[in-house]
Amino acid sequence: MADAGKRRVCYYYEPEIGNYYYGQGNAMKPHRVRMTHSLLEGYGLLHRMRVLRPIPASNRDLLRFHSDDYIAFLRSATPDRHLDADILRRFNMSDDCPVFYGLFDYCQSYAGASVCAARELNRGRADIAINWSGGLHHAKRSEASGFCYVNDIVLAILKLLEVHKIYGILFPPLNSLSFLFHSSFSVPLKLISERSIIPQLPTAMIGRDSLLLLARVLYVDIDIHHGDGVEEAFYLTDRVMTVSFHKFGDYFPGTGHIGDIGYGKGQHYAINVPLDEGIDDESYHYVFKPIMEKVMEAFRPDAVVLQCGADSLSGDRLGCFNLSIKGHSDCIRYMRSFNVPLLLLGGGGYTLRNVARCWCYETGVALGVELDDEMPDHEYIGYFGPEFTIHAVPSNMENKNSRRSLDATKVKLLETLSSLQHAPSVQFHEQPTSMDTDQAISSFNSSFLDIVIWKFTDVDPNKDDEVCKEWESLKNTTLTRSELKFLFSLPTVATFALTFSGLQI
Ligand code: V1D
Ligand code: CA
């Protein structure tokens, strides 16, 4: 399955990233990203890919997921300004997530890199995009958590979801209808959480002679911790499947039970693989490969986001798994072999020399280049003694994952994935069919649709024309089903895009 063929890789690196400092005693060190970069330079890998400096995430980027008040707080917080204890508590700013100098610039930098990387994949300019400073999977809509402040992964996935495919033309021959939308809330949000839910996003919209398919994105998380922030954000949708492999049981953040599978339309689109300490390469891939093979077959994503947290490596300061760099990077090799646009992100990783080894080696895997074990001289060579090799030997710690428990986990998850494969919505992806407008509209599950028409391409608003005026008047309105029906029944329809509930995707 694994293939070493070449891929076009772009790599985002902000030279300032290594200067951000969470403070004394905090395990998260952005310096590890600079160490990785220096090692990449030593191995000559920077010449084999496009090295790009990220554009910092804008307010608009950040507000696609995060709340106004939380972003305003992050923007204004500095360690030397008095900060109200209640506000700090409200946004979960704590020892794990302190207010440090340059905090907001740091957030903009790592989030901007992930958004830029996703955009580059959307434009088809790269097969693989990399941001080792990203992957901060615990951040919630209005809350920091586990060293994570803004969730660059959710923002990148939202960017990847902007891609859509249109099958057929609704009103030929002059005009085509293209639109993006998501429906308004239909599930009681309190059941899940009040904080970080992105509304349900439908998969397809069917018109008389057309089918519009919206992109599906797969998120895979091999950090030792559960990818809770990303899972929660997409818990209600079938457009994003989240798969997290993690230590479960008396371990941060405490979520990620195998029975947590998504809700509503999102049911079966969240997958949790709970593991115990000491897992080695062989045991890990005993579950990783069959599960991911089935996920790829059942979900058929248009893009894959892989969070490569390096705290699942043997000897990590906070972790308790026993993966070698080879074992960890085989996850990247395996996901790469499917030849689907791939976004590689960092994440946890607290034994700095191993983080740099791992992400450098994995950049080589992305490029299809095997690295010499002997490490080249570079700025931080002193960290890598006495071996000065790219690989590190795993420990002889006990593997608490019995074959029996791994089998039980694997069988349960594969069964769920098989049922997904036979579900109507998935067949629907396979076989575009036609429906009449009535059926299409009644397939919306909300009683009214809060539609904002934000783009016209075929309508000139300055033209003194009845149809144009009609279109202009529709801007920023809330349409009922029957009004939507009317819209669809117009003999000529301009190309336009719709947003629902204010979220443009
Ligand atoms: F080891 C530490 C040293 C100093 C300060 C904190 C820690 C530490 C270890 N483990 N913090 C943790 C976890 N926090 C708690 C807190 C106690 N509770 C009230 C919360 O157990 C946080 C672990 C975060 C892991 C982050 C991550 O690796 O998943 C990550 N991924 O992307 C970026 C980071
Ligand atoms: Ca994980």
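Could you please let me know if N339 is open to solvent by 10 Å² or more (accessible area, probe 1.4 Å) and within 19 Å of A117 (Cα to Cα)? Yes; evaluated as a whole, the condition is true for this residue.
Going residue by residue through the range 250-261, is there one that turns out to be under 20 Å from L306 (Cβ atoms) and touching a Leu at 6+ places or on another chain (Cβ under 6 Å)? Among the residues of the range 250-261, not one is under 20 Å from L306 (Cβ atoms) and touching a Leu at 6+ places or on another chain (Cβ under 6 Å), which makes the answer no.
Does L371 satisfy the condition of being more than 23 Å from C10 (Cα to Cα), aliphatic (A, V, I, L, M) and either open to solvent by less than 20 Å² (accessible area, probe 1.4 Å) or in a helix (DSSP H, G or I) (or both)?
Values: more than 23 Å from C10 (Cα to Cα): no; aliphatic (A, V, I, L, M): yes; either open to solvent by less than 20 Å² (accessible area, probe 1.4 Å) or in a helix (DSSP H, G or I) (or both): yes.
So L371 does not fit the description; no.
Quick check, is I390 touching a strand residue (DSSP E or B) at 6+ places or on another chain (Cβ under 9 Å) and either modelled with pLDDT of 50 or more or open to solvent by 30 Å² or more (accessible area, probe 1.4 Å) (or both)? So I390 passes the test.
List the helices (runs of 4 or more DSSP H) that sit entirely inside the range 2-110 and contain at least 3 residues that are at pLDDT 95 or above and open to solvent by less than 10 Å² (accessible area, probe 1.4 Å).
Details: elements: 31-42, 59-62, 68-76, 85-90.
Filter on the range 2-110 gives 31-42, 68-76.
Selection of the range 134-145 for residues being open to solvent by 10 Å² or more (accessible area, probe 1.4 Å) and either of a type outside the set (S, T, Y) or within 13 Å of ligand 2 (Cβ to nearest atom) (or both) yields K140, R141, E143.
The values are calculated or read from the model by the stated rules, or taken from the named source; none is laboratory data. All values reported here derive from a predicted model rather than from experimental measurement. Positions of Cβ are generated from backbone atoms using ideal geometry, with glycine treated the same way; all protein chains shown enter the neighbour counts. In case anyone asks, the SASA skips ligands and DNA or RNA and just uses the protein heavy atoms, side chains included. Shrake-Rupley method; radii C 1.70, N 1.55, O 1.52, S 1.80 Å.
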